[in-house]
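This report concerns only the one structure given below.
Derivation of every value follows stated rules applied to the coordinates shown; laboratory data play no part. What you see is a predicted model, and the numbers here were worked out from it, not measured in a lab. FYI the Cβ positions are ideal-geometry reconstructions off the backbone, even for glycines, and counts take in every protein chain you see.
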Amino acid sequence: MRRAVQKLALVAESATACSSLHQQALAPLCTSATSALAQGASQSPLCQSNYRGRVFVPASTRGFAANSHDLFNQHKDTPDNNADNVFEWTEANLKRAQDIIDRYPPNYKASAVIPLLDLAQQQNYGFLSLPAMNSVAKMLEMTPIRVYEVATFYSMFNRSKVGKYHIQLCGTTPCRLQGAQHLQDTLEKTLGIHIGETTKDGMFTLSEMECMGACVNAPMLAVADYSGGVEGYSYNYYEDLTPADTVKIIEALRKGEKPKINSQYRNKAEPRGVIQDGKWTPSEGTLTLTTPPRGPIVTNPDL
Ligand code: FES
């Protein structure tokens with residue numbers, strides 16, 4: 001019975017994975033792969049195939065979904081993250097936590113869940129262990145599952161260990177168009193890891209994130225610095241990046257220095273320019289909105 005249930009789960013997972021490929025041409029293959037599984041094959045042949053140059057690894061062997069946030073927002077039982085560990089607030093953080101809770105009416109204590117998880121994550125050097133989340137649940141008189149749900153939903157919370165510096169590269173369209181892939185290649189080469197991995201010395205974790213709202217200065221990345229606990233915590237953006245800039249940022253962080261934050265070439269979004277061929281290139285003249293605005297469209301001038 002248990003084997004049958006496991007097989008059904010595998011079939012369902014394969015079907016979901018295959019349908020997510022959105023490739024009509026592959027649909028017949030998906031169907032046949034799914035039925036092959038139903039008939040006893042241990043793994044879908046399609047899921048082993050090379051899809052547009054990428055080996056598609058079935059979720060059952062990966063243990064997590066495709067984007068890098070999902071790599072870190074799942075609980076994995078490890079020696080430093082299991083139900084037997086203890087999480088103790090430091091005295092200073094306990095006071096901070098109490099100050100946060102006091103901002104809300106006593107019957108809406110649960111509203112403090114996000115800032116408290118944030119505080120716990122900073123104290124815990126970048127991730128929310130099970131006991132850290134349980135401690136937040138206890139303080140806010142919430143059932144633990146509700147706290148786990150919040151921690152799992154938001155991409156700024158990590159449920160498994162990350163490096164002292166969490167490098168989060170934007171992988172959404174405007175940054176991609178401006179060369180994010182070159183930054184990714186450079187970061188992976190410089191750090192010797194791929195997206196979703198942590199360096200052996202525990203110093204850097206590399207993630208891909210979705211748009212972080214700095215598209216005007218694309219491409220960009222964010223660094224969460226957990227190296228100094230709550231007191232030293234920072235979350236900074238580095239924008240208008242060339243591949244060489246990303247190397248400089250990594251080298252500076254390695255030496256414990258503070259690299260230049262925000263745009264590397266301008267003040268906010270001025271002057272005009274773009275990263276082109278790996279270089280910051282100022283551009284003259286108006287690129288968009290080249291004529292005066294037309295004003296509102298009036299459909300009936302008598303009104
Ligand atoms: S697309 Fe990268 S910040 Fe918006």
(request) Considering Cα pairs under 8 angstrom that are at least six residues apart, work out the relative contact order of the range 165-282 and quote it in whole percent. (result) 26 percent
(message) Strictly over 25 Å apart at the Cα level, which of 76/258; 76/164; 200/268 would you flag in this model?
(response) 76/258; 200/268
(message) Explain nothing, just compute: Karplus ³J(HN,Hα) = 6.51 cos²θ - 1.76 cosθ + 1.60, θ = phi - 60°, for every residue of the range 92-105 in order, whole Hz, x for Gly and Pro.
(response) 5, 6, 4, 5, 4, 4, 5, 4, 5, 4, 5, 6, 10, x
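Hey, with R₀ at 45 Å, roughly what FRET efficiency would residue 262 and residue 75 work out to, going by the Cβ-Cβ distance, to 0.05?
0.85
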(message) Please list, ordered by chain and number, the residues whose modelled amide H lies under 5 Å from the amide H of residue 164; skip anything fewer than 5 residues away on the same chain.
(response) 203, 204
(message) Can you work out the Karplus-derived ³J(HN,Hα) for every residue in the range 249-266? Use 6.51 cos²θ - 1.76 cosθ + 1.60 with θ = phi - 60°, whole Hz, and x for glycine or proline.
(response) 5, 4, 5, 5, 5, 4, 7, x, 8, 10, x, 4, 9, 6, 5, 7, 10, 8
(request) First select every other residue whose beta carbon is under 13 angstrom from the beta carbon of residue 87; then total the charges, Lys and Arg +1, Asp and Glu -1. (result) -2
(request) Can you list which of the trypsin sites (Lys or Arg not before Pro) found in the range 75-112 are DSSP loop residues with at most 14 other C-beta atoms within 10 Å? (result) 76, 103
(message) At q = 0.16, 0.18, 0.23 Å⁻¹, what log₁₀ I(q)/I(0) does the range 165-282 have when each alpha carbon counts as one equal point scatterer in the Debye sum?
(response) -0.69, -0.87, -1.40
(message) Give me the extension gain from residue 227 to residue 279: residue separation times 0.36 nm, minus the current Cα-Cα distance, reported in nm with one decimal.
(response) 15.6 nm
(request) Could you list the GluC sites (Glu not before Pro) in the range 185-285 that lie in coil according to DSSP, counting only those with at most 15 other Cβ atoms within 10 Å of their Cβ? (result) 210, 257, 284
